[in-house]
1. Please enumerate the residues belonging to segment 36-51 that are in contact with a Lys or Arg (Cβ under 9 Å, 6 or more places away or on another chain) and either within 16 Å of the ligand (Cβ to nearest atom) or polar (S, T, N, Q) (or both).
2. Please state which one of I54, I79, I45 is modelled with pLDDT of 95 or more, farther than 17 Å from H134 by Cα and of a type in the set (A, V, I, L, M, F, W, C).
3. Taking T44 and the conditions (1) out of contact with any helix residue (DSSP H, G or I) (no Cβ under 9 Å at 6 or more places or on another chain); (2) touching a residue at least 60 places away in the same chain (Cβ under 8 Å); (3) in a strand (DSSP E or B), which numbered condition does it fall short on, given that it satisfies the others?
4. Would you mention how many residues in segment 62-93 are away from the ligand (no atom under 16 Å from the Cβ) and not basic (K, R)?
5. Under the condition of being among the aliphatic types (A, V, I, L, M) and under 15 Å from H112 (Cβ atoms), which residue from segment 1-40 is modelled with the lowest pLDDT?
6. Can you confirm whether segment 56-65 contains a residue that is crowded, with 18+ Cβ neighbours inside 10 Å and outside any strand (DSSP E or B)?
7. So, H15, is that one closer than 21 Å to A138 by Cβ, touching a Ser or Thr at 6+ places or on another chain (Cβ under 8 Å) and without any contact (Cβ under 8 Å) to a residue 60 or more places away in the chain or not?
8. Among the residues in segment 100-116, are any under 22 Å from G34 (Cα atoms), touching a Cys at 6+ places or on another chain (Cβ under 8 Å) and either among the hydrophobic types (A, V, I, L, M, F, W, C) or within 16 Å of the ligand (Cβ to nearest atom) (or both)?
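The values are calculated or read from the model by the stated rules, or taken from the named source; none is laboratory data. Remember, it's a predicted structure, so these values are computed and weren't measured experimentally. So basically every Cβ, Gly included, is an ideal-geometry build from the backbone, and we count neighbours across all protein chains shown.
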Amino acid sequence: MTNMRALYQEVILDHNRKPRNFGVLEGANRLAVGDNPLCGDNYTIYANLNDDGIIEEVSFHGTGCAISKAAASMMTVRIKGKTLEDAQELIEEFRMMLTGKLDPKGEHSLGHLTVFHGVSQLPQRIKCAVLPWHALQAAIEGEEIASTEGEHEVWTEDNP
Ligand code: ZN
């Protein structure tokens, strides 16, 4: 059990040190901002959704704590190439796991994302882990954007 926890922490630290899909996604047709002022996490999630409803490209950019950055990094890896339906399912399952409504040992599609289960024991950090997922949901449910200039939907975390 201790080794397992150490492994989980190592995965989170690795994604924090070397975040995947980090940066502005040129040509993204969806984006949303997630803001968690309690911790200082602020990320923009970029996605490119094709006509078949598949998330072809996804990236994130911004600043925040290790948990939020690792959560955003692992989310982009997991979500790339997925259909909107699969993405919605993952968003829901991740949120349920973090709020203690999903047993990581039970049936789900989360895979390696279960490394974040431990965060459900840290109430003040739950928002950090869920923030990028809420922003992803806002991005894929939002209106298509013509450019990254100008107005876009801003989502602020109040209730996980
Ligand atoms: Zn945070």
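1. Of everything in segment 36-51, those that are in contact with a Lys or Arg (Cβ under 9 Å, 6 or more places away or on another chain) and either within 16 Å of the ligand (Cβ to nearest atom) or polar (S, T, N, Q) (or both) turn out to be N36, L38, C39, D41, Y43, I45, N48.
2. On inspection, the qualifying residue turns out to be I54.
3. Result: T44 fails condition (1) only.
4. First pass over segment 62-93, keeping only residues away from the ligand (no atom under 16 Å from the Cβ): 76-93.
After this cut, where a residue has to be not basic (K, R) as well, the list is 76-77, 79, 81, 83-93.
Counting residues in segment 62-93 that are away from the ligand (no atom under 16 Å from the Cβ) and not basic (K, R) gives 15.
5. Only one residue fits best here, namely M4.
6. yes
7. No: the conditions fail for H15.
8. No: segment 100-116 contains no residue that is under 22 Å from G34 (Cα atoms), touching a Cys at 6+ places or on another chain (Cβ under 8 Å) and either among the hydrophobic types (A, V, I, L, M, F, W, C) or within 16 Å of the ligand (Cβ to nearest atom) (or both).
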